[in-house]
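What follows is a set of notes on a single structure, which appears directly below.
Nothing in this text is a laboratory measurement; each read-out follows from the coordinates by a stated rule. All values reported here derive from a predicted model rather than from experimental measurement. We place every Cβ from the backbone using ideal geometry, glycine too, and count neighbours over all the protein chains shown.
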Amino acid sequence: MSYKAYRTKEKIMVDGQLNEKSWLLAQKSPRFVDIINGGPALYETRSAVLWDDEYLYVGYWIEEPYVQSEITERDGLIFNENNVELFIDGGDTYYEFEINALNTIYEVFFIWKDAYKKGGKYDVPEFDIYEKNVCTFGGNHDRIPKYFWNGTHPRGLRWAFKNWDFPGLKTAVHVDGIINDQNKISKGWTVELAFPWSGMKWLANGRSLPPVEGDTWKFQFARYEKLISLNKNVGWAWSSIGSDDNHRPEKFTKIEFSNTVVGE
């Protein structure tokens, strides 16, 4: 699917409500589908992208009749509960972001191990594999016996920097209803994110910051939901990728940036 991210010329207040005129005019994604087979999802999820010279803006609209979240510790393992996610591909790197309805975030920065060379561009104090909280990662299936050491991706392992924080990131959540109360039905929740282009240094992969007309980036927009009545965890995404492993940048959704102001 082709998607153009248009500029916003108004000030975006990151409050989670997505009520600025630019968000109302922005093209929303299709309804998210099953991440593996592209089948229909039980609840509606959509996303949209805007940008200006300072920030990349991402919004999520999440239908959820019983909004549930428990984890409040930053970088807690919120993939174990309901959340939405954003991955940004940087070629030899990629970034993982997750957020729950309590505005708790989880971030990891990945560098493909085959790209990390002594004396190379990633051999810098920010990514010191001896001094930082770093481990190797083979993907979501790296504990399956056949793939125990290297995971399932043909490129192999990544270095995972668990304490890396996106500089200047702004996040907000708005719940339209009641959180953690199964006796009352809610409409759902919305998420508003602002990623400074100045923090994209290690993800730009030779592209301009901010983008120029026609630049293309790849993102993964996903949602994970615990269906309690079915005792099942499911993944939904803007585009299906044939797997429940989000760590496959070659499958991410392509976003083209346009200098046209949204709605004009």
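Amide H contacts of Asn83 (H built 1.01 Å from N, in plane; Pro and chain starts excluded): Tyr224 sit under 5 Å, all sequence-distant by 5 or more or on other chains. Applying 0.36 nm per residue to the separation of Tyr43 and Asp215 and subtracting their alpha-carbon distance, the gain on full extension is 58.7 nm. Dividing the summed -39500 (n - 2.57) terms of all DSSP H runs of n ≥ 4 by the residue count of the chain sets its mean residue ellipticity at 222 nm at -500 deg cm²/dmol. Charge tally around Glu256: other residues with Cβ under 13 Å, Lys/Arg +1 each, Asp/Glu -1 each, net +3.
Taking θ as phi - 60° and the Karplus parameters 6.51, -1.76 and 1.60, the scalar couplings of segment 139-152 work out to x, 5, 10, 6, 10, 5, x, 4, 10, 4, 8, 10, x, 9 Hz in sequence order, x denoting glycine and proline. Taking Lys and Arg as +1 and Asp and Glu as -1, the other residues whose beta-carbon sits under 13 Å from that of Ala222 total -3. Normalised by the number of residues in the chain, the average gap of Cα pairs under 8 Å and 6 or more apart makes the relative contact order 30 percent. Between Tyr106, Tyr116, Tyr94, which gets the highest mean-square fluctuation from a Gaussian network model of the chain, Cα cutoff 10 Å? It is Tyr116.
Each residue in Ser186, Ser208 was given a count of other beta-carbon atoms within 10 angstrom of its own, and listing them fewest first yields Ser208, Ser186. Placing unit charges on C-beta atoms (Lys and Arg positive, Asp and Glu negative, everything else neutral), compute the dipole magnitude of segment 111-195 about its Cα centre in debye, rounded to 20. Using Cβ point charges on Lys, Arg, Asp and Glu, segment 111-195 gives about 360 debye.
Once C-alpha pairs closer than 8 Å and six or more residues apart are averaged by separation and normalised to the residue number of segment 122-235, the relative contact order reads 15 percent.
Subtracting the Cα-Cα distance of Lys162 and Asp128 from 0.36 nm times their residue separation leaves 11.0 nm of extension gain.
Taken about its Cα centre, segment 1-81 carries a charge dipole of roughly 540 debye when the Cβ of each Lys and Arg holds +1 and the Cβ of each Asp and Glu holds -1. Restricting the calculation to Cα atoms, every distinct pair contributes to the Kirkwood radius of segment 1-54, found to be 12.9 Å.
Computed from backbone phi with θ = phi - 60° and the Karplus coefficients 6.51, -1.76 and 1.60, the 3J(HN,Hα) list for segment 41-52 is 9, 5, 10, 7, 9, 9, 9, 8, 10, 10, 7, 9 Hz; x is used for glycine and proline.
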